[in-house]
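Undergrad: Below you'll find the structure I mean.
All of the numbers you see were taken from the coordinates with simple rules; none came from a lab. Quantities reported herein were computed from a predicted structural model and do not represent experimental measurements. Methodologically, a virtual Cβ is constructed for each residue, glycine included, from the backbone with ideal geometry; neighbour enumeration extends over all protein chains shown.
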Amino acid sequence: MKKMELHWQIILGMFLGILFGFAMTQISWGGDFVSDWIQPLGTIFVKLLKLIAIPLIIASLIKGISDLKDISKFRNIGIRTIVIYVCTTIVAITIGLILVNIMRPGDGISQDTIDRLTTAYANDSGVTSKIAEASKQKEAGPLSFLVNMVPDNAIKSMSDNRLMLQVIFFTIFMGISMLLIGEEKSKPLKRFFDALNDVVLKMVDLIMLTAPVAVFALLAGVVVSSSDPDLLLALLKYAGVVVLGLFFMVVFYMILISVYTKKNPFWFLKEISPAQLLAFSTSSSAATLPVTMERVEEHIGVDKEVSSFVLPVGATINMDGTSLYQGVAAVFIAQALDFHLGLGDQLIIVLTALLASIGSAAVPGAGMVMLVIVLESVGFPADKLAIGLALIFAVDRPLDMCRTIINVTGDATVATVVAKSVGKLGEPHVENWDDHLDEVK
């Protein structure tokens, strides 16, 4: 009997997890049972993915750079990557702003709904912490992004997944230095990182064996902790605009894949679907990064020289889904609270959302922090910020799951486009977890 493909196993796990979660909400002790006995399985899975993210970035990036032989090639990859990421982010924000101005979801929110949402969420610790975090980021200097990118302790940076840009900086610095001392001297170190890269990728394969069970646990946990259904219904039009915008971004990516790389866009989606489904389940680009790298390299055919740089950088600075959501959310809040936004204000939203996405962490909830910065940039009243965030807080978790799919899909798309542009897009070469099992039996 043919084994069910991984993406179908994950989809089945998600579907069963949602059904199980809803069933548990009908039982008085169901929520506690899921949080105590089911959700920890998903938490362990996410921790395992985060555990190998930094070692994978270091090993993969050093292998990619040391294989280049020519530093100018790395410069070409870097420049193309940043330019394309900036362009796709601008496209995402623009799509969001066009849709929210046409459909005007904020006009349908009644004062009663605003009052209920304010009462439920304005003083929520999640809302207040996001406002406080945004204030910290706003007070930073104009070059703080560059300052924060350079670590003063490489080992400390490697101990915190939120400092991924610092790890990337150190690793690139190390890889280029290895090139400059010559192949003979760097050979022992290169062999170490080559072997480490193979080991970590094998760890990805082993972790992915538990993915269907993990997404079952994660989705069940999301369902039992979901908010008031009536409030979710009131925000359905707003959520619908965000999801529609995200769908248009997928269409945009598929056009890029079809027209520029000449690959079948449906084949592309099928091959990266496990990474997309994990992005939905975890709401974290960083946690999904090991899987994204494995799918793009082995199943799409992107050379490691490209993927090892493009994907870690993308997980940190490229947040198309989050940027689109910010444009929609900012205008929705303004519409609901009767705060006028002119064309100039919306152009400021495009610029601020673009800059905010670069410095945002690839973790759940980062979009809310970025949203506060965007709202403050257009002069939104400070005393209404908590009310504004409260309006969208009820649906932020499910929308965070959806926009993380777009973030990951965007990373994979740009990696494929850059690889094609530098002649590094080859044929897929899939490795399974048990390829060398016979050797150790």
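Undergrad: Report the extension gain between F192 and I102 in nm, rounded to one decimal, defined as 0.36 nm multiplied by the number of residues separating them, less their alpha carbon distance.
TA: Between F192 and I102, full extension yields an extra 26.8 nm.
Undergrad: Given V328, T288, T261, which one lies farthest toward the positive end of the charge dipole of the stretch 256-375, if we put +1 on the Cβ of every Lys and Arg and -1 on the Cβ of every Asp and Glu?
TA: Result: T261, furthest along the dipole toward the positive end.
Undergrad: At 20 °C and 1.002 mPa s, grab the translational diffusion coefficient of the chain from Stokes-Einstein with a Kirkwood Rh over Cα pairs, rounded to a whole number in µm² per second.
TA: Here the translational diffusion coefficient equals 95 µm²/s.
Undergrad: Please work out the FRET efficiency for the pair L68 and S125, using the Cβ-Cβ distance as r and a Förster radius of 41 Å; give the result to the nearest 0.05.
TA: Computed FRET efficiency for L68 and S125 comes out at 0.30.
Undergrad: Could you tell me which trypsin sites (Lys or Arg not before Pro) in the stretch 254-304 are loop residues by DSSP with no more than 14 other beta carbons within 10 angstrom of their beta carbon?
TA: Details: sites: K262, K263, K270, R295, K304; in loops: K262, K263.
When the trypsin sites (Lys or Arg not before Pro) of the stretch 254-304 are filtered for loop state and at most 14 Cβ neighbours within 10 Å, K262 remain.
Undergrad: Something else: Among T25, T352, which comes first, then next, by fewest other beta-carbon atoms within 10 Å?
TA: Numbers: T25 15, T352 22.
Fewest-to-most Cβ neighbours within 10 Å comes out as T25, T352.
Undergrad: I would also like to ask the following. So between Q111 and L347, what do we pick up on full extension, going 0.36 nm a residue minus the alpha carbon distance?
TA: On the way: separation 236, 0.36 × 236 = 84.96 nm, distance 2.85 nm.
Extending this stretch completely gives an extra 82.1 nm.
Undergrad: OK, next. Give me the one-decimal nm value for the distance between modelled label points at L244 and L6, 7 Å along each residue's Cα-to-Cβ direction.
TA: Calculated label separation equals 3.5 nm.
Undergrad: Still on this structure, please answer the following. What chymotrypsin sites (Phe, Trp or Tyr not before Pro) in the stretch 1-32 are in a loop by DSSP, with at most 12 other Cβ atoms within 10 Å of the Cβ?
TA: W29
Undergrad: Something else: Need one number: nm distance between label points at L143 and V422, each 7 Å from Cα along Cα→Cβ, rounded to one decimal.
TA: 2.7 nm
Undergrad: Just want the ordering: M254, M249, from fewest to most Cβ atoms lying within 10 Å of their own Cβ. Before the final figure, lay out the partial values.
TA: Details: M254 18, M249 25.
The order, fewest Cβ neighbours first, is M254, M249.
Undergrad: Next up: With springs connecting C-alpha atoms under 10 Å apart, model the chain as a Gaussian network and identify which of L278, L425, L354 has the largest mean-square fluctuation.
TA: The residue that fluctuates most here is L425.
Undergrad: Sort 215-223, 90-98 by the packing proxy (mean of other Cβ within 10 Å over each peptide's residues), most packed first. Walk me through the numbers on the way to the answer.
TA: On the way: 215-223: 24.8, 90-98: 22.7.
Result, highest mean Cβ count within 10 Å first: 215-223, 90-98.
Undergrad: Further question: Go ahead and set up a Gaussian network model of the chain, Cα springs under 10 Å, then flag whichever of D70, D303, D383 fluctuates most.
TA: Of D70, D303, D383, the Gaussian network model singles out D383 as fluctuating most.
Undergrad: Another one. Just grab the label-to-label distance for D338 and A382, each label 7 Å out from Cα along the Cβ direction, in nm (one decimal).
TA: Calculated label separation equals 2.4 nm.
Undergrad: Could you point to the residue in V215, Y85, Q276 farthest towards the positive end of the stretch 6-440's charge dipole, with +1 and -1 charges on the Cβ of Lys/Arg and Asp/Glu respectively?
TA: Value computed over the given set: Y85.
Undergrad: Compute the Cα gyration tensor for the stretch 108-230, then decide on rounded, prolate or oblate, letting a ≥ b ≥ c be the square roots of its eigenvalues: rounded whenever a/c is under 1.5, prolate when a/b is larger than b/c in the other cases, and oblate in all that remain. Numbers along the way, then the final one.
TA: Numbers: a/c = 4.56, a/b = 1.69, b/c = 2.70.
Since a/c reaches 1.5 but b/c is at least a/b, the shape of the stretch 108-230 is classed as oblate.
Undergrad: Take the chain, connect every pair of alpha-carbon atoms lying under 10 Å apart with a spring to form a Gaussian network, then pick out the residue of F280, F266, F248 with the largest mean-square fluctuation.
TA: F266
Undergrad: Can you sort S60, S159, S135, S186 by how many other beta carbons sit within 10 Å, fewest first?
TA: Working: S60 26, S159 10, S135 15, S186 18.
Exposure proxy ranking, most exposed first: S159, S135, S186, S60.
Undergrad: So what J values fall out for the stretch 390-401 if you push phi through Karplus, 6.51 cos²θ - 1.76 cosθ + 1.60 with θ = phi - 60°, rounded to Hz, Gly and Pro as x?
TA: 4, 4, 10, 5, 4, 10, 5, 4, x, 6, 4, 4
Undergrad: Whole-Hz ³J(HN,Hα) for each residue in the stretch 286-296, computed from phi via Karplus 6.51 cos²θ - 1.76 cosθ + 1.60 with θ = phi - 60°, x for glycine and proline: what do you get?
TA: 5, 5, 7, 3, x, 6, 4, 5, 5, 5, 5
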